[in-house]
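Novice: My questions will all concern the structure given below.
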Amino acid sequence: MTLLAFFAFLSGVVTILSPCILPVLPIILSGTVGGKSKPFGIVIGFIASFSIFTLALSALVQTLSISPDTLRIAAVVIIISFGLALTIPRLQLYLERLLSGVVRTKGSSQKSGFTGGVLTGVSLGMVWTPCVGPIMASVISLAVSRQVDGGAMIIVAAYSLGTALPMFAIMAGGRKLLNRFPRLSLRTAGIQRIFGIVMIAAGLMIAVGADRSFQTLVLEVFPKYGTGLTTFESGELVQKALDQRNESDQEGNSLNWSDPPKDARLGDFGTAPPLIAQGPWINREGPISMEELRGKVVLIDFWTYSCINCVRTLPHLRDWYDRYSSQGLEIIGVHSPEFPFERNINNVKKAVEELEVNWPVVLDNDFAQWQSYNNRYWPAHFFIDHTGEIRYFHFGEGSYEESEQVIRELLIEAGADLEEAALLETDSPLNSRRTPEIYLGYKRANGPITEQMKEDQLAAYHVPKEVGLGEWAIEGEWIVRNDFIEIDGSGSLQLEFEGKELFIVIESLEDGSSLSVEIDGIPGPDTSDVQQGISSPQESRLYHLASFQEVSEHSLSLRIEGHVRLYTFTFG
């Protein structure tokens, strides 16, 4: 328990850097103005509110039969009210008098600052939606199922304290900055009004759900922002501690995820539990059973709409669903809420529409489905074959190529006739000749012969005279990132490869971007993604660039116009 509490504390400290926190950051910054005791009040109010909100509110909502949005609406009212008070001096004076009357002690200005801070902190705890890792996920799932114990309380307290420290540091730093520069101190009233306006805007964003759209926009502009903040929770020590903590919950359940599969190797992890989530369902009329899904390959996706890690995986799920649903793939989204407001069917429906989730989604507000899988992650993916057996699973983000390979293998097992079936025949003598997968980002780059890559900076590159088999080079001004290469303008890529099929993972960042595809000096053959030698990527997914009669050596020349990111080449 001590180990889990320590890592929960660290998770709380780094949460302040998460993209999920950006919409509520102005509320924290408001603590830089006002009474000296206001930051202490905000921190205390936040710790108390977030802890209660996490551990007890789900039970209270169910017991009292109140709307899960009621307290969230109250928090928004408090936030906007304090924003108005900072903007309108008379209203601020009235509010200070009101709060002074509440505490009824000497030094009312300081006490009202503290009391106001407490109310602000309480409202902040109610709307705080961090990107939690598996430690907090395990606690929240227990809280929803009313199985809170002393260990859960310790973990939540540790997380809250870890979050409160950088929060307090931000407010203290802002105050120190104001005191250090006299000119700023003379303009305190104007600064308060600015904070008030920003605070009102933040409250209105939360009220209408625009905070989620803002997070999505940030991720579109900075797709790697916040990635990996809680990856330390996936370490062996933490996983063992979580396994020990969850042992009692796993009694009588044969599903055990302590030995995750490596790469894309299929295994036998037991029969998939029945779909027991109570619903309601979205994108489908009425429930569906696992018996009805026999003969199909099923991907069970545990997610929740305010989890930024889950949001990052949706484009990949959407691409798989579009490509393989006609071949026998079904995705079932199990929406297991992290916070009570995510229990509201209208909120989830709105998020499903905004996030373009097109497959069936069932609300798992009581975490019945979550517990039947012994799950503790957002997101979590379980891959079920056509006979109803779990053959593969993956927790968290990443490993998208491996997951797609699993889908394809399971579809072929079920009898699907995939055009690129050879891609998965690993024991085929033809595949032993094809070029291995080529990664383009500097982290795992293989095959580049361009001059020394300049990491994370714009630089000009040139294609040498000769490019060997399995090698590639780029021309023009590119930025070489960790997992991809990026161009905004005109450039080219030369690749020599051997295979029967050619694929590339592309992320398009601008409408109108295009790739001119030449194979052996002539326009490439038509595919589902290339017409008359031109591909116009609109989505972030795997693109089919070429198909040949047999495995053979070829030269690819890509001419890029626009703003795109290229991740990896794969060959069939």
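Novice: Sorted by packing (mean other beta-carbon atoms within 10 Å per residue), highest first, where do 558-566, 543-551 land?
Specialist: Top to bottom by mean Cβ count within 10 Å: 558-566, 543-551.
Novice: Before anything else, pin down the relative contact order of segment 250-418: Cα pairs under 8 Å, at least 6 apart, normalised by residue count, whole percent.
Specialist: Computed value for segment 250-418: 36 percent relative contact order.
Novice: Where does each of LYS465, LYS454, LYS443 land when they are ranked from fewest to most other beta-carbon atoms within 10 angstrom?
Specialist: Fewest-to-most Cβ neighbours within 10 Å comes out as LYS465, LYS443, LYS454.
Novice: Could you put LEU440, LEU329 in order, starting from the residue whose Cβ has the fewest other Cβ atoms within 10 Å? Kindly include the intermediate steps, with their values, before the conclusion.
Specialist: Values: LEU440 27, LEU329 23.
Placing the least packed residue first, the sequence is LEU329, LEU440.
Novice: Order these by the 10 Å Cβ neighbour count, fewest first: PHE46, PHE569, PHE40.
Specialist: PHE40, PHE569, PHE46
Novice: OK, next. Would you kindly state how much longer the chain becomes between SER289 and SER490 on full extension, computed as 0.36 nm times their sequence separation minus their alpha carbon distance, in nm to one decimal?
Specialist: Values: separation 201, 0.36 × 201 = 72.36 nm, distance 5.09 nm.
Answer, rounded to one decimal: 67.3 nm.
Novice: Additional query: Apply 1/(1 + (r/R0)^6) to the Cβ-Cβ distance of GLN278 and GLU356, taking R0 = 30 Å, and write down the FRET efficiency to the nearest 0.05.
Specialist: That gives a FRET efficiency of 0.75.
Novice: Which of the GluC sites (Glu not before Pro) across segment 285-335 are loop residues per DSSP, with 15 or fewer other Cβ within 10 Å?
Specialist: Answer in residue order: GLU285, GLU291, GLU292.
Novice: Just the ratio, please: alpha-carbon radius of gyration of segment 433-571 over 2.2 N^0.38 Å, N its number of residues.
Specialist: 0.95
Novice: Let me ask you something else. Specify the inter-centroid distance of segment 280-335 and segment 20-53, based on alpha-carbon positions, in whole Å.
Specialist: 37
No lab work stands behind these numbers, since they all come straight from the coordinates. Bear in mind the structure is a predicted one, so any value in this text is a computation, not a measurement. Here the Cβ is made from the backbone with ideal geometry for all residues, glycine too, and neighbour counts use every protein chain on show.
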